[in-house]
1. Can you pull out the residues in segment 323-337 that are part of a loop (DSSP other than H, G, I, E, B), under 17 Å from the mean Cα position of the chain (by Cα) and at pLDDT below 90?
2. Looking at (1) open to solvent by 20 Å² or more (accessible area, probe 1.4 Å); (2) at pLDDT 90 or above, which is the only condition Asp114 fails?
3. Looking at Glu42, Glu52, Glu36, which one is outside any loop (DSSP other than H, G, I, E, B) and open to solvent by 90 Å² or more (accessible area, probe 1.4 Å)?
4. Taking Met98 and the conditions (1) modelled with pLDDT under 90; (2) surrounded by 13 or more Cβ atoms within 10 Å (Cβ to Cβ); (3) on the phi < 0 side of the Ramachandran plot, which numbered condition does it fall short on, given that it satisfies the others?
5. For segment 154-179, how many residues are farther than 19 Å from Gln75 by Cβ and either of a type in the set (Phe, Trp, Tyr) or open to solvent by less than 30 Å² (accessible area, probe 1.4 Å) (or both)?
6. Starting from residues that are small (Gly, Ala, Ser) and part of a helix (DSSP H, G or I), keep the ones in segment 309-322 and report whichever is nearest to Phe290 (Cα to Cα).
7. Can you name every residue in segment 285-337 that is of a type in the set (D, E, K, R), under 26 Å from Lys103 (Cβ atoms), open to solvent by 70 Å² or more (accessible area, probe 1.4 Å) and free of Cβ contacts under 8 Å to residues at least 40 places away in the same chain?
8. Tally up the residues in segment 274-308 that are part of a helix (DSSP H, G or I), more than 16 Å from Thr201 (Cα to Cα) and either in contact with a strand residue (DSSP E or B) (Cβ under 8 Å, 6 or more places away or on another chain) or at pLDDT below 90 (or both), please.
Amino acid sequence: MAHADSSLFVKIKEAKIAIVLVYIDDLIIIEDDDVEICQTKENLSVRFQVKELGELKHFLGFEVDQTKEGLFLCQQKYAKDLLQRFGMLECKPISTPMEANVKLCAHAGKDLQDGAMYRQLVGSLIYLTLTRLDISYVVGVVSRYMQQPKKPHLEVVRRILRYVKDTINYGLFYKKGDEVKIVGYCDADYAGDHDTRKSTTGYVFKLGSGVVSWCSKRQPTVSLSTTEAGYRAAAMAAQESTWLIQLMKDLHQSINFAVPLYCDNQYDIHLAENLVFHARTKHVEVHYHFLREKVLQEELEVRQVKSKDQVADLFTKELSTARFRKLRDQLIMKSWC
């Protein structure tokens with residue numbers, strides 16, 4: 001059993017690797033050759049009743065397409081079913097999931113008569129974010145109002161569905177042959193939440209050409225400066241980096257380099273590398289020193305990136321159409337027809 005994930009099982013025998021991923025009673029088996037795969041299935045059938053479903057095409061609402069160029073992962077059927085279930089299959093498509101400069105708040109607008117429908121909609125969209133990182137930020141925003149949704153919140157949710165209609169074939173592409181190396185980006189939107197003035201953390205990690213992990217999450221406490229907000233975001237990204245390194249080790253993939261984590265705030269980089277902790281930053285909680293510890297242990301290297309190239313922006317704020325499309329393309333989200 002892998003240390004990073006209790007549902008992942010890895011076996012090495014004579015330089016050959018066998019991987020089994022388990023979700024309740026569904027299994028994905030990956031091995032170096034067909035003979036080993038057959039042997040693993042025979043071993044499982046001795047103890048369990050096994051039904052052979054062939055090459056991986058569908059799994060828990062995901063669709064997988066393996067080609068000579070690489071692997072494409074999407075939720076096209078799930079998205080189509082979602083639109084049909086909520087009467088939006090024939091809606092007018094739109095090019096972005098959220099209008100730029102729109103700020104939602106908890107008390108503006110009329111209460112919805114059917115709050116349960118809103119919660120079902122948002123819950124379904126949360127599952128769609130497992131492959132649709134382009135809607136992660138806005139879905140995170142509308143999920144804050146599930147307890148007492150208002151009419152403006154529902155209007156934003158409907159816009160998300162119109163965007164999903166426009167990009168229903170979109171998913172994640174993993175190009176074959178690219179160097180397997182973990183690279184991370186992190187950012188924070190300082191005091192962006194109008195109700196609480198809490199900041200939003202955004203990070204994304206790429207493995208080779210494709211994205212393997214991302215997050216858009218409101219921070220648990222109010223930050224007193226942009227530096228503190230960015231440092232919190234970098235610390236959260238560092239925790240995810242640690243987990244990814246352990247996962248790669250479980251898969252017997254060596255990580256003999258410091259994982260680069262790109263930030264566009266120079267103060268966060270200086271704070272992570274500076275051995276002297278200044279009095280003006282003492283309000284940053286002690287457990288966020290985790291980031292500095294990882295830097296000193298050379299497991300992580302915090303690097304500078306220009307704001308225009310900060311792809312984690314996609315997970316922290318609403319963007320213009322041009323900016324949104326540019327970052328989405330940089331994260332190798334594409335249509336598969």
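The values are calculated or read from the model by the stated rules, or taken from the named source; none is laboratory data. Here the structure is a predicted model, which is why all the values come from computation and not from measurement. We place every Cβ from the backbone using ideal geometry, glycine too, and count neighbours over all the protein chains shown. For accessibility, only protein heavy atoms count, side chains too; no ligands or nucleic acids. Shrake-Rupley method; radii C 1.70, N 1.55, O 1.52, S 1.80 Å.
1. Once the filter is applied, which keeps residues that are part of a loop (DSSP other than H, G, I, E, B), under 17 Å from the mean Cα position of the chain (by Cα) and at pLDDT below 90, segment 323-337 yields only Ile332.
2. Against the list (1) open to solvent by 20 Å² or more (accessible area, probe 1.4 Å); (2) at pLDDT 90 or above, Asp114 comes up short only on (2).
3. Residue meeting the stated conditions: Glu42.
4. Evaluating Met98 over (1) modelled with pLDDT under 90; (2) surrounded by 13 or more Cβ atoms within 10 Å (Cβ to Cβ); (3) on the phi < 0 side of the Ramachandran plot leaves (1) as the failure.
5. 2
6. For segment 309-322, the residue satisfying everything is Ala312.
7. Passing the criteria: Lys308, Lys326.
8. Matching residues across segment 274-308 total 12.
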